[in-house]
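> One structure is given below, represented as structure tokens, and several questions about it will come after.
The values are calculated or read from the model by the stated rules, or taken from the named source; none is laboratory data. Predicted model, so just to flag it, every value in this text is computed and none were measured. Here the Cβ positions follow ideal geometry from the backbone for every residue, glycine too, while neighbour counts run over all protein chains shown.
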Amino acid sequence: MRTPGILIFGLVLAPCGWILDLTSTVAPNWRQLYGIANQPVDVVMNQGIWDICKSSTISTEITCNLRGNDQTYFNNQVIPVAQGLMIASLIVTAIGLAVVTPATRCWTDRHPRWILAGVGGILIFCSGVLTIIPIAWYTHFLTSLNTTTAFANPQNPDIRVGYCIVLGYIGGIMEMLGGLVICVGFCRCCGGQNRGENPEPTRTTRYTTRAPNPVPYPRTNLPRSVTPSSSGTPYSRNSLDDELDYPRAKAQRKGTVNPAYNGRPYDADL
């Protein structure tokens, strides 16, 4: 049986969102600091929720494990909250996928377990919400988070959004959409047609009119094979007379005239 489209849509969006959230959680690029004091112009400080890395815009060299140099940044209230919520989101998404996957019964002849799939969809939707909350909170306080990193221009610090924020938003929205679509499985209407199922078709009785059997023409038990006559006709006159079972007029002898003869020949005389 073909897997319903809503389950396929949810099972595609949820794992993709989980991968994006995992990247956003572990990557140290929630915000980028440019114009660092006493540093070359090309130096960029990448701050995440677990670590801080220093990179350059003109080279590929990256130096990480700089968390101890800026402990003030990790003391901001949003950082431990973001750590807990992002990890919780990853765990809840994994549980939701573990529930939805066996409930779909892909490529089998049995219908999906819609109640179980709906529960998994709720878990996936909640995991997307758990991702959006810390991402939105961190974005709101992006430029006002405390840090010990000094800027060359303190009056106008150059603080930019990192790619982890973008990936977190996309992953959270994908998980919310995937979970919401799977939750449609709770709706049982139209006999399963709106959920992609193929209900068994109702069998209708077909009435056919049978033609009556044709009445066989009475025949004698004589054999059908007839030897062609010398005149070239397919049947001889004698054999034709034998096969016909209705009375015929007697043939007139030569030299006699029937007074009732009206001039119309019989069929056998033709």
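> State the number of residues belonging to region 46-70 that are more than 29 Å from SER127 (Cα to Cα) and not in a loop (DSSP other than H, G, I, E, B).
8
> Test each condition in (1) part of a strand (DSSP E or B); (2) within 26 Å of TRP18 (Cα to Cα) for ALA82 and report the one that comes out false.
(1)
> Right, something else. Identify the residue in region 149-164 that is closer than 15 Å to ILE52 by Cβ and assigned to a loop (DSSP other than H, G, I, E, B) and, among all such residues, is modelled with the highest pLDDT.
It comes out as GLY162.
> Hey, another quick one. Test each condition in (1) among the aromatic types (Phe, Trp, Tyr); (2) surrounded by 18 or more Cβ atoms within 10 Å (Cβ to Cβ); (3) within 26 Å of LEU177 (Cα to Cα) for PHE9 and report the one that comes out false.
Status for PHE9: all satisfied but (2).
> For region 28-45, how many residues meet the condition of being assigned to a loop (DSSP other than H, G, I, E, B) and either in contact with a Gly (Cβ under 7 Å, 6 or more places away or on another chain) or among the charged types (D, E, K, R) (or both)?
Selection size over region 28-45: 4.
> Output the number of residues of region 40-98 satisfying the condition of being under 44 Å from the mean Cα position of the chain (by Cα), of a type in the set (Ser, Thr, Tyr) and crowded, with 18+ Cβ neighbours inside 10 Å.
3
> Restricting the search to region 131-147, which residues are in a loop (DSSP other than H, G, I, E, B), hydroxyl-bearing (Ser, Thr, Tyr) and in contact with a Phe, Trp or Tyr (Cβ under 7 Å, 6 or more places away or on another chain)? Spell out how you get there, then give the answer.
Of region 131-147, the ones in a loop (DSSP other than H, G, I, E, B) are 141-147.
Going one step further and asking which of them are hydroxyl-bearing (Ser, Thr, Tyr), we end up with 143-144, 147.
Across region 131-147, the qualifying residue is only THR147.
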